[in-house]
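Have a look at the structure below before the remarks.
All of the numbers you see were taken from the coordinates with simple rules; none came from a lab. Since the structure is predicted, the reported quantities are computational estimates derived from the model, not experimental observations. Cβ coordinates were reconstructed from backbone atoms using ideal geometry, including for glycine residues, and neighbour counts include every protein chain displayed.
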Amino acid sequence: MSQVEIKFLGSGDAFGSGGRLQSCILVKHEDDQFLIDCGASCMIGINRFEINPNNIKIILISHLHGDHYGGIPFLVNGSQLIFKRTEPLLILGPPGTKELLINAMEVMFPGSSRVQRKFALDIREFSDRRPETAGGVTVTPYLNFHLQVDPSFALRIECGGKIIGYSSDTQWTDALLDVAGAADLFIAEAYFYEKQVKGHMDYVTLMNHYEETGAKRLVLTHMSRDMLSMSDKVTCECAEDGKIIRI
């Protein structure tokens, strides 16, 4: 069983609270690499932490909010123009991902969705609780509860003999018991400390349920100013840009 390395290229919320970059998590397993989410600031994280984007084979998108997918037009265009990518890139996301990405590319860089690239761009869409396997990675999406976007998913990811559960943005739902069940690592949103808001997780509620998951390790991400100000009361790990976890 090989070691899996998780590096937070972005651990912030949509508004850059605490000066953090938006959601973007790099996972290395064996000889492959993939991203969990790809927020609009992803290229800053990729360059800041000296990541070669040509080594990223897959991008998993949890839901279609800009702080979780908005970096893809920049990454795709940079891969073509700057990094001279030749290897295929697979993007897996919720229903509607392909149309939205094409539209986003045309808004940001008109004509960019229609250029002849030197690499294949494969965009696929997943369904609730249906596993998808590619490049040694199996991802199973579970519908969560996040307002203003439908559908939105938490992800259970298997690679290198390890399991990563990722809540993405969601209030507590029992689907997270399946996402994080006995996982080697559970990456969970803690947007507020104890304030309960529809569509987002608060730390107190998360910790009331954490033992039920059986996950071996917990790290918090996507924290607001409120949550960051309460970090001295937190009893588990918190993500930050550049943080590395090995499982």
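Data table
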quantity	calculated
Paramagnetic reach from Lys118 in region 76-104 [backbone N under 13 Å; point 7 Å along Cα→Cβ]	78-88
Burial ordering of Cys24, Cys238, fewest other beta-carbon atoms within 10 Å first	Cys238, Cys24
Pairs from Lys162/Lys243; Lys198/Lys233; Lys162/Lys216; Lys7/Lys118; Lys7/Lys98; Lys28/Lys162 whose Cα-Cα separation, in the structure shown, is over 21 Å	Lys198/Lys233; Lys7/Lys118; Lys7/Lys98
Helical mean residue ellipticity (222 nm; -39500 (n - 2.57) per DSSP H run of 4+; nearest 500) of the chain	-6000 deg cm²/dmol
Approximate shape of region 106-175 as ellipsoid semi-axes (Cα gyration tensor, √5λ), whole Å, largest first	28, 19, 9
Region 100-241 pair-distance distribution - Cα-Cα, 10 Å bins, rounded %	11, 35, 30, 18, 5, 0
Packing-based ranking, highest mean first, of 148-157, 179-188 given that Cβ atoms within 10 Å are counted	179-188, 148-157
Rg over Rh, two decimals, region 43-164 (C-alpha only, Kirkwood Rh)	0.96
Inter-part distance where region 118-162 and region 66-101 are each reduced to a Cα centre, Å	15 Å
Viscosity 1.306 mPa s, 10 °C: Kirkwood-radius Stokes-Einstein D of region 4-236 over Cα pairs, µm²/s	90 µm²/s
Packing-based order for 78-87, 61-70, using average beta carbon neighbours within 10 Å, highest first	61-70, 78-87
